[in-house]
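J.: Pasting in a structure now, in structure tokens, and then I'll have a few things to ask.
The values are calculated or read from the model by the stated rules, or taken from the named source; none is laboratory data. Only a predicted model underlies this, so the values are computations on that prediction, with no experimental measurement involved. Glycine also receives a Cβ, built like all others from the backbone with ideal geometry; neighbour counts cover every protein chain displayed.
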Amino acid sequence: MPPQVSPRDAIPQGQPTMPPPRFLLDEHVPQAIQSQLLRLDARIDVLVVGQPLAPPKGTSDPDLLAWIEKTGYILVTGKWKHYSCTNTMNG
């Protein structure tokens with residue numbers, strides 16, 4: 001019986017692959033979320049607000065949204081607010 005290959009390992013050589021996702025967790029997200037993301041795949045980049053390289057604790061929501069737009073991180077938040085998002089890209 002041939003060895004099982006995970007879908008991630010089945011990518012043909014020389015084919016472009018997507019980089020692992022980058023998450024920014026706000027200070028309201030439980031620590032367990034960070035642990036589980038890293039357990040899922042150690043290549044996932046997970047920052048928490050207040051850590052080095054991340055925005056400081058107490059950063060306003062609009063400033064967090066600007067930071068993730070600039071850096072390409074995905075924001076994970078425990079707040080259940082409705083945001084009005086606008087496209088700031090030209091063209």
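J.: Which of the following residues is at positive phi, of a type outside the set (Val, Ile, Thr), assigned to a loop (DSSP other than H, G, I, E, B) and at pLDDT below 65: 91, 50?
T.: Numbers: 50 fails: at pLDDT below 65.
Of the residues listed, the single one that is at positive phi, of a type outside the set (Val, Ile, Thr), assigned to a loop (DSSP other than H, G, I, E, B) and at pLDDT below 65 is 91.
J.: Between a first residue in region 52-69 that is among the acidic types (Asp, Glu) and a second residue that is at pLDDT below 95, which pairs have beta carbons less than 9 Å apart while being 6 or more apart in sequence or on different chains?
T.: Cβ pairs passing all conditions: 61/26; 61/77; 61/79; 61/81; 61/83; 69/88.
J.: Return a yes/no flag: does region 5-20 have any residue that is within 15 Å of the chain's Cα centre (by Cα), assigned to a loop (DSSP other than H, G, I, E, B) and modelled with pLDDT of 90 or more.
T.: Checking region 5-20: not a single residue is within 15 Å of the chain's Cα centre (by Cα), assigned to a loop (DSSP other than H, G, I, E, B) and modelled with pLDDT of 90 or more.
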